[in-house]
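In what follows, a single structure is set out as C-alpha cells and then discussed.
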C-alpha cells in the first residue's frame with residue numbers, strides 16, 4: 001500500500017482539480033467546452049428527427065423576395081399577410097421573428113403631405129384627395145389596425161453593448177418587479193433594446209425578445225425565457241407565443257425557498273398550466289427535435305396569394321421569419337452551423353408544449369460533484385492496486401456506468417447532468433495509472449528482471465515486480481528447500497565425446513532440466529560443471545517449497561528417461577543423474593566479491609543436500625530426500641532408505657526415496673512398499689532371519705534393485721558378526 005502512495009496522491013490531485021470545476025470554485029475552459037460537445041452529442045443521439053406539424057414557419061425566402069420585392073416589405077403587405085393567416089387560414093397564433101423599428105415611408109404619403117404643406121397648400125382638390133388617401137397610405141396605421149384584436153406576437157431584441165440605444169416600445173413586463181424583490185437571482189441583464197414602433201407594439205397581443213444565449217463556442221443552445229432590464233422582467237418570443245396560444249395567462253416563477261433561484265416557470269391559464277424547467281439564470285435549453293426543417297415551411301408569398309391549402313395552416317402556430325441568406329437570421333446550433341433562427345424558436349415552443357425541455361437546475365452541480373466523488377474516488381483507490389487488465393476492465397465498467405446513469409437521467413427525468421468532468425476523471429486516472437505502470441513500475445520490473453531474471457522464472461519476476469519493496473538481494477535466514485542434481489559418470493562421458501558435441505549435449509540437458517525447475521517455481525542457483533543447484537522459497541515465499549522441490553526431482557528423472565531415445569538417435573550416451581534434496585534453515589542472498597556475485601543459499605542444510613546427492617549411487621536410487629523435507633509433504637509416497645550420518649554432521653537423519661504421488665501408486669508398488677517397511681522394521685529390531693526372508697522375497701520381485709542387495713549384504717555380515725549392544729542401525733559415511 002505504501003508503494004502506491006504517490007499514485008494515490010496524484011490521482012487525488014487530479015480529482016480535486018475537477019471537483020473544483022464541478023463545484024464552481026474555478027472554471028477550466030477545456031472541461032466547459034467538452035461538456036458543451038457532449039451535450040450536443042447526447043442531443044443529436046436522442047432527438048426524434050420527426051416533423052412537428054403543430055408549428056408552421058412562414059418563410060420570407062428567396063422565392064418571396066423575388067415575387068414581392070426586396071426586404072423590408074411595405075407594412076401593407078405585412079398587414080395582408082396577417083389578415084390572410086388569421087382570417088382566411090384561421091391560425092391559432094402568429095409570431096414575428098422580425099422587428100419593425102422604423103416607420104414605413106414606402107407609400108409616398110410623406111412626400112404628398114410635404115407638397116400639401118408647400119406648393120399645393122392652396123389647392124382644395126389636392127387637400128381633399130390627400131385626406132381621402134391618408135388612411136390607405138399610412139401603412140403603419142394600417143398594419144397596427146390589422147394587428148389589433150388578432151393573436152399576433154411581435155419580436156424585438158436586447159443589446160448588451162454599453163452604447164446600446166433604446167428604440168421602439170417594449171411590451172409590458174411578464175410579471176411585476178416585486179415578484180423577485182429581495183432575491184439575488186442572476187438573470188440575464190441587458191443595457192439597450194431595439195423594438196417595434198410603439199403604435200405597432202401597443203396594437204399587438206404581446207411581444208417577446210428573440211435573443212438566444214450564445215455560448216463561448218458560438219453555438220445557440222439556450223434562450224433566456226425571462227430577462228432583466230432596468231428593474232423589469234421581460235419574456236422571450238417563444239414564451240410570449242405560448243402564452244398567447246393559451247389565452248389569458250400569467251407566468252409565475254418557481255421559487256422553492258428563499259435561498260434558491262428560479263428553478264421553473266409556471267404558465268397558468270384558464271386552459272390549464274404548463275411547467276417549464278429553467279436553470280439558475282432562467283434560461284431554457286432548446287430541445288432541438290432534429291436537423292433543419294423539422295417543421296413545415298411555407299413560402300410567405302404563397303400565403304399572400306392564397307396558394308396554400310387551408311388544412312396546412314388552420315389551428316397551427318405560425319412563426320414568420322426568414323431563411324434567405326442575405327437577411328442574416330442564421331445561427332450556429334448543435335444541429336447545424338447555419339440554422340434558421342426562427343426554427344430555433346419553433347423548437348423551444350414545441351418542447352414547452354410537449355414537456356420535453358431538458359432541466360438543468362442549480363442542484364445538478366452538487367450531483368456532478370457527487371458522481372465525481374463516487375466514480376473518481378473509487379478509481380483513485382482501486383486502480384493503483386490492480387493489474388493492467390483488471391484496471392482496464394474496471395475503467396470500462398465505470399465509464400459505462402457513468403454514461404448509463406447520465407443517459408438514464410437524460411431520457412427518463414429530462415435532467416442534464418454534466419458529463420465532461422466525470423469522463424475526464426475516469427480517463428485521467430486510468431491514463432495516470434497506466435503511464436505510471438509503464439514508465440515507473442516497468443523500470444522496477446526491468447531492475448528485478450536484471451537482478452532475478454537469470455535465477456527466477458519470469459512469472460515469479462512478474463509477481464515480485466507487483467510489490468518490489470518486499471524483495472531485495474540482501475542476506476537473510478529462511479526455511480527453504482535446496483536440490484542438487486549431478487550426472488553420473490560424467491568424467492567418462494566427457495572423455496569419450498568431442499567438445500562441440502559435449503557442449504550441445506549439455507545445452508540440451510541443462511535447458512530441459514531448467515525448464516522443469518521453472519515450472520515448479522524454483523530458483524536456479526547455478527550450474528556447477530555438470531551439476532545443477534536450485535532452491536525453493538526465495539526470493540518469492542513458497543509455503544510448499546518442499547513439495548515443489550520433490551515434484552521437480554521426479555519430473556527431472558522422467559525427462560531424463562524421455563531424452564534417452566533422442567540422445568541415442570544423436571549418437572550421444574544416455575544420461576543418468578542423482579538428485580539430493582533437503583529442507584531447513586539457510587542463509588539466502590547476494591553473496592560473493594566486488595568482482596562477481598551470485599544470489600545463492602548457504603548453510604548446513606545446503607551441505608546435507610549435497611551429501612545426499614552423493615550417496616544416491618550407494619543405495620542404487622535416483623533421488624534421496626532428507627527427513628526434514630519428507631516431513632512437510634503429505635501427498636507423496638516415500639520409501640525410507642536408511643538412517644545415515646554424513647561427513648560434517650553429528651546427528652543421524654532418516655533418508656527417503658520419493659516414489660510419486662500417493663494417489664497414483666499402483667497396487668503392486670503399494671504392496672512392495674509395505675513389504676519393505678516390514679523388512680526395515682525387522683532389520684532395525686535385529687530380527688535378522690525374518691528380515692532376511694523379507695529381503696529375499698523383495699529381491700524376487702525386483703532382482704536388479706541395488707537397495708535390496710545392499711541390505712542382503714548387511715544382513716549376511718551382521719549374522720556372521722553381530723553388532724554390539726550400542727548399535728542403532730545408522731550408516732556412517734566418511735567421504736563426501
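Looking only at the stretch 271-289, residues that are in contact (Cβ under 8 Å) with a residue 24 or more places away in the chain and farther than 17 Å from residue 223 by Cα come to 3 in all. The set of residues in the stretch 488-503 that are without any contact (Cβ under 8 Å) to a residue 40 or more places away in the chain and either assigned to a helix (DSSP H, G or I) or touching a strand residue (DSSP E or B) at 6+ places or on another chain (Cβ under 6 Å) (or both) comprises 491, 492, 494, 495, 499, 500, 502, 503. Residue check: is residue 265 part of a helix (DSSP H, G or I), closer than 24 Å to residue 94 by Cα and under 43 Å from the mean Cα position of the chain (by Cα)? No, not satisfied. Among the residues of the stretch 655-676, those identified as over 21 Å from residue 546 (Cβ atoms) and part of a helix (DSSP H, G or I) are 667, 668, 669, 670, 671, 672, 674, 675, 676.
Filtering 64, 32 for residues that are touching a strand residue (DSSP E or B) at 6+ places or on another chain (Cβ under 7 Å) and either crowded, with 16+ Cβ neighbours inside 10 Å or not in a helix (DSSP H, G or I) (or both) leaves a single hit, 64. Taken together, the criteria exclude residue 257 from residues that are part of a loop (DSSP other than H, G, I, E, B), over 14 Å from residue 345 (Cα atoms) and touching a helix residue (DSSP H, G or I) at 6+ places or on another chain (Cβ under 7 Å). Screening residue 314 with (1) farther than 22 Å from residue 46 by Cβ; (2) assigned to a strand (DSSP E or B); (3) touching a residue at least 24 places away in the same chain (Cβ under 8 Å) gives one miss only, at (2). Any residue that is part of a helix (DSSP H, G or I), surrounded by fewer than 18 Cβ atoms within 10 Å (Cβ to Cβ) and touching a helix residue (DSSP H, G or I) at 6+ places or on another chain (Cβ under 7 Å) - is there at least one of those in the stretch 360-374? Scanning the stretch 360-374 turns up at least one residue that is part of a helix (DSSP H, G or I), surrounded by fewer than 18 Cβ atoms within 10 Å (Cβ to Cβ) and touching a helix residue (DSSP H, G or I) at 6+ places or on another chain (Cβ under 7 Å).
Applying the criterion of being buried (at least 22 other Cβ atoms within 10 Å of the Cβ) and not in a helix (DSSP H, G or I) to the residues of the stretch 340-357, the residue that is modelled with the lowest pLDDT is 340. Just to be sure, is residue 679 outside any loop (DSSP other than H, G, I, E, B) and free of Cβ contacts under 8 Å to residues at least 60 places away in the same chain? Yes, satisfied.
Scanning the stretch 139-179 for residues that are in a helix (DSSP H, G or I) and either touching a helix residue (DSSP H, G or I) at 6+ places or on another chain (Cβ under 9 Å) or surrounded by 20 or more Cβ atoms within 10 Å (Cβ to Cβ) (or both) yields 139, 140, 141, 142, 143, 144, 145, 146, 147.
Restricting attention to the stretch 67-86, does a residue exist that is in contact with a strand residue (DSSP E or B) (Cβ under 6 Å, 6 or more places away or on another chain), part of a helix (DSSP H, G or I) and modelled with pLDDT under 95? So far as the stretch 67-86 goes, no, none of its residues is in contact with a strand residue (DSSP E or B) (Cβ under 6 Å, 6 or more places away or on another chain), part of a helix (DSSP H, G or I) and modelled with pLDDT under 95. For residue 250, indicate whether it is in contact (Cβ under 8 Å) with a residue 40 or more places away in the chain and within 45 Å of the chain's Cα centre (by Cα). Criteria not met by residue 250. Selection of the stretch 688-709 for residues being part of a loop (DSSP other than H, G, I, E, B) and either surrounded by 14 or more Cβ atoms within 10 Å (Cβ to Cβ) or touching a helix residue (DSSP H, G or I) at 6+ places or on another chain (Cβ under 6 Å) (or both) yields only 705. Within the stretch 508-560, the set of residues being more than 45 Å from the chain's Cα centre (by Cα) and more than 21 Å from residue 598 (Cα to Cα) comprises 508, 509, 550, 553, 554, 555, 556, 557, 558, 559, 560.
Examine the stretch 604-620 for a residue that is in contact with a helix residue (DSSP H, G or I) (Cβ under 6 Å, 6 or more places away or on another chain), in the same structural domain as residue 526 (by TED's automatic domain parsing) and more than 17 Å from residue 536 (Cβ to Cβ), and state whether such a residue exists. Looking through the stretch 604-620, at least one residue is in contact with a helix residue (DSSP H, G or I) (Cβ under 6 Å, 6 or more places away or on another chain), in the same structural domain as residue 526 (by TED's automatic domain parsing) and more than 17 Å from residue 536 (Cβ to Cβ).
Among the candidates 596, 611, 643, the residue that is surrounded by fewer than 21 Cβ atoms within 10 Å (Cβ to Cβ) and more than 50 Å from the chain's Cα centre (by Cα) is uniquely 643.
For the stretch 710-736, the candidate set comprises residues that are outside any loop (DSSP other than H, G, I, E, B) and in contact with a helix residue (DSSP H, G or I) (Cβ under 7 Å, 6 or more places away or on another chain); within that set, the residue that is surrounded by the fewest Cβ atoms within 10 Å (Cβ to Cβ) is 719. Among the residues here, residue 55 qualifies as closer than 28 Å to residue 360 by Cα, touching a residue at least 12 places away in the same chain (Cβ under 8 Å) and touching a strand residue (DSSP E or B) at 6+ places or on another chain (Cβ under 8 Å). For the stretch 660-681, does any single residue satisfy the condition of being within 23 Å of residue 480 (Cβ to Cβ) and more than 50 Å from the chain's Cα centre (by Cα)? No, every residue in the stretch 660-681 fails to be within 23 Å of residue 480 (Cβ to Cβ) and more than 50 Å from the chain's Cα centre (by Cα). Of the conditions (1) modelled with pLDDT of 90 or more; (2) loosely packed, with under 14 Cβ neighbours inside 10 Å; (3) within 55 Å of the chain's Cα centre (by Cα), residue 90 fails just one. Which one is it? Residue 90 satisfies all of (1) modelled with pLDDT of 90 or more; (2) loosely packed, with under 14 Cβ neighbours inside 10 Å; (3) within 55 Å of the chain's Cα centre (by Cα) except (3).
Would a scan of the stretch 294-305 turn up a residue that is touching a strand residue (DSSP E or B) at 6+ places or on another chain (Cβ under 8 Å) and either within 30 Å of residue 31 (Cβ to Cβ) or assigned to a loop (DSSP other than H, G, I, E, B) (or both)? Within the stretch 294-305 (the criterion being touching a strand residue (DSSP E or B) at 6+ places or on another chain (Cβ under 8 Å) and either within 30 Å of residue 31 (Cβ to Cβ) or assigned to a loop (DSSP other than H, G, I, E, B) (or both)), the answer is yes, since at least one residue qualifies. Quick one: would you say residue 397 is free of Cβ contacts under 8 Å to residues at least 12 places away in the same chain and not assigned by TED's automatic domain parsing to the domain that holds residue 68? Yes: the conditions hold for residue 397.
Could you check, for the stretch 49-67, whether at least one of its residues is more than 59 Å from the chain's Cα centre (by Cα) and closer than 25 Å to residue 296 by Cβ? Checked the stretch 49-67: no residue is more than 59 Å from the chain's Cα centre (by Cα) and closer than 25 Å to residue 296 by Cβ.
The values are calculated or read from the model by the stated rules, or taken from the named source; none is laboratory data. Everything quoted here is computed from the prediction, not taken from an experiment. Please note: Cβ atoms are built from the backbone with ideal geometry, for glycine as well, and neighbour counts cover all protein chains shown.
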